[in-house]
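Asker: Handing you this structure, nothing more for now.
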Amino acid sequence: MKALHARYPFLAAAREAVETAGVDLADLVASDEAVVERGLERVEWAITDGTVGEPHRRTRVELLSYPVARVLVSLVDQHVLLRRYARAEAATAYERFSEELDDRAAFQSTRTERLDLRDLLAEFDLAGSVHGSPEDDGGYRVDVGAYLEHAAGQWGDEWRLVNRSLADGQVPVDETELLLLVRQAVERRVKDGLPFAVPDEIATELEAETERISETLADLDLTRDIDTVVPDLFPPCMRHLLDKVQKGEHLEHHSRFAIAAFLTSIGMTTDEIVDIFQVNPGFGEEATRYQVDHIRGESSPTEYSAPACATMQSYGDCVNKDDICEDVINESHPLNYYEHRLDEADEDELVDWREDGDAEDEE
Ligand code: SF4
C-alpha cells in the first residue's frame, strides 16, 4: 500500500490497492482497532472541523480508515453528515494537493511518489478539457461544459458564467481556481455511492462508533455554515411563521422566538431580521430588535438556538409537515430540513433574499 494512496484514498488506484490486498471489511472492523479509530476520527473531524484530521503515521491504517469511514457514514445515514463528510474529504485533499503542487521541487526530493497535475485531472476525466493558457501566464482554460459541471457547486458570484470571460468555448481560470474545480470533483467522487447498505455483521461491530457519531451530530451547532437566506426553501413550520409575521398576524411569544431564532441561526443579522419583520403592521421594531439581540446573546448571557422539531411540536408550531420532515430529517430539526433543501437546490434557486431586494419579493 502506497503513501500516495493513503493521502488520496478516493483515487481509483487506491481502491484497487485495497481490493488487491484482499482486505475483508468484516474482519478488519472486528480486529483492527487502529483502523476503526482512525475511521471514526475522519468522520468526527469532518463534523466538527470540516477536515478529516491528521493522517495516521502508518500508511495501511490511514488508507483502510477511508472505507471504514464510509461504512460509518452509511450506518448513521443522515444527509447532513454525508454532505459534511464528503466536503471534509475534499477539503483535506485540496489542501494536500495544493501544497504538493505548489512546492513541486521540495516534494520531488522528499517523496518517491507525488501527485502530478495531469494525473489528477485525468483521474476526474478533466485532462482533455483543461488546456494551458495561450498567453503563457501560468493560467489555464477549461472547456465550458467541464467548467459548468464543476463550478456548479462553488459558492460565490465569481463562478457564474456571466461573470467570466469566455474565449472559444473555454473559460480562463488561474491555478487556484482550477484546483477548486478539482476539489468539487473529489467531493462528488466521495459522495458517490453513499450511503450504501452495510451487512449486519459489520453494523453490529461498529455500534458504539455509530452511536458516538450520532451524538456528535446531535450536539452540533447546525448553524455554523449556513449563512444563506432563501425563504422558499425554509421548512414548512418556519415558512408558516414567516407568512404570519408578514401578514401582520399575531404570534405567540414561543412562535416569535422560534422564527427569530431560526433566522438568526441561518446567519441573518439583527437589522436584516428587523427588515424581514417590518412588513408586519403590528410590528414593533424595538421589541423585535431587543428579542433578536437577546437570542443572539448580545443582551443576555446565553446564545439561544432555534428549537428542534420536538419542541416545535410541543408548542403546536410544527405545521404543514411534509415528506422531507418525515423521511429525510426524521423530524429532527428545522435547520436539518433547510440544510437539506439548500443542498438539493439548483444554483438558480439559491437567490439569497439579502441580495434579491426585499421580503415582499418572496411573497
Ligand atoms: S417536522 Fe420539524 S421541520 Fe418539519 S414542519 Fe415540523 S418542526 Fe418543522
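Asker: Being of a type in the set (Asp, Glu) and in contact (Cβ under 8 Å) with a residue 40 or more places away in the chain is the filter here, so list the residues in segment 185-199 that pass it.
Answerer: 187
Asker: Of everything in segment 290-345 that's of a type in the set (Lys, Arg) and modelled with pLDDT of 85 or more, which residue is nearest to the ligand (Cβ to nearest atom)? Lay out the reasoning, then the answer.
Answerer: Narrowing segment 290-345 to residues of a type in the set (Lys, Arg): 296, 321, 341.
So of that shortlist, the ones also modelled with pLDDT of 85 or more come out as 321, 341.
On the way: 321: 5, 341: 10 Å.
Filtering first and then ranking leaves 321.
Asker: Here is a list: 194, 242, 217, 206. Which entry is aliphatic (A, V, I, L, M) and over 29 Å from residue 37 (Cα atoms)?
Answerer: From the options 194, 242, 217, 206, the qualifying one is 242.
Asker: A follow-up question, please. When you check residue 261 against the structure, is it open to solvent by less than 30 Å² (accessible area, probe 1.4 Å), of a type in the set (Gly, Ala, Ser) and over 29 Å from residue 94 (Cβ atoms), yes or no?
Answerer: yes
Asker: Another question, then. How many of the residues in segment 26-64 are in contact with a Gly (Cβ under 7 Å, 6 or more places away or on another chain) and within 15 Å of residue 96 (Cβ to Cβ)?
Answerer: Residues that pass the stated criteria total 2.
Asker: On the given criteria, is residue 195 outside any helix (DSSP H, G or I), in the same structural domain as residue 26 (by TED's automatic domain parsing) and farther than 23 Å from residue 122 by Cα?
Answerer: Yes: the conditions hold for residue 195.
Asker: Then there is this: In segment 132-163, what residues are over 22 Å from residue 86 (Cα atoms), open to solvent by 40 Å² or more (accessible area, probe 1.4 Å) and outside any helix (DSSP H, G or I)?
Answerer: Matches in segment 132-163: 132, 134, 135, 136, 137, 138, 143, 160.
Asker: Within segment 184-193, does at least one residue satisfy the condition of being of a type outside the set (Val, Ile, Thr), under 19 Å from the mean Cα position of the chain (by Cα), surrounded by 19 or more Cβ atoms within 10 Å (Cβ to Cβ) and within 16 Å of the ligand (Cβ to nearest atom)?
Answerer: No; the residues of segment 184-193 include none that is of a type outside the set (Val, Ile, Thr), under 19 Å from the mean Cα position of the chain (by Cα), surrounded by 19 or more Cβ atoms within 10 Å (Cβ to Cβ) and within 16 Å of the ligand (Cβ to nearest atom).
Asker: I would also like to ask the following. Show the residue pairs meeting these rules: Cβ distance below 7 Å; 6+ apart or different chains; first residue within segment 82-97 and modelled with pLDDT under 90; second residue surrounded by 19 or more Cβ atoms within 10 Å (Cβ to Cβ).
Answerer: Correct list of pairs: 82/73; 84/46; 87/187.
Asker: Let me ask something else. Which of (1) in the same structural domain as residue 344 (by TED's automatic domain parsing); (2) among the β-branched types (Val, Ile, Thr); (3) open to solvent by 10 Å² or more (accessible area, probe 1.4 Å) does residue 229 not meet, given it meets every other one?
Answerer: The number of the failed condition is (3).
Asker: In segment 24-52, which residue that is of a type in the set (Val, Ile, Thr) and modelled with pLDDT of 90 or more is farthest from residue 89 (Cα to Cα)? Spell out the reasoning first.
Answerer: Applying the first criterion (of a type in the set (Val, Ile, Thr)) to segment 24-52 yields 29, 35-36, 43, 47-48, 51-52.
Filter once more, keeping what is modelled with pLDDT of 90 or more: 29, 35-36, 43, 51-52.
Working: 29: 21, 35: 17, 36: 17, 43: 9, 51: 6, 52: 6 Å.
Restricting to residues being of a type in the set (Val, Ile, Thr) and modelled with pLDDT of 90 or more, the top hit is 29.
Asker: Can residue 212 be described as over 21 Å from residue 325 (Cβ atoms) and either touching a residue at least 12 places away in the same chain (Cβ under 8 Å) or assigned by TED's automatic domain parsing to the domain that holds residue 48 (or both)?
Answerer: Judged against the criteria, residue 212 is a match.
The values are calculated or read from the model by the stated rules, or taken from the named source; none is laboratory data. Everything numeric here is computed off the predicted structure, so don't read it as measured data. Methodologically, a virtual Cβ is constructed for each residue, glycine included, from the backbone with ideal geometry; neighbour enumeration extends over all protein chains shown. Each accessible area value is taken on the protein alone, full model and side chains, heavy atoms only, with ligands, DNA and RNA left out. Shrake-Rupley method; radii C 1.70, N 1.55, O 1.52, S 1.80 Å.
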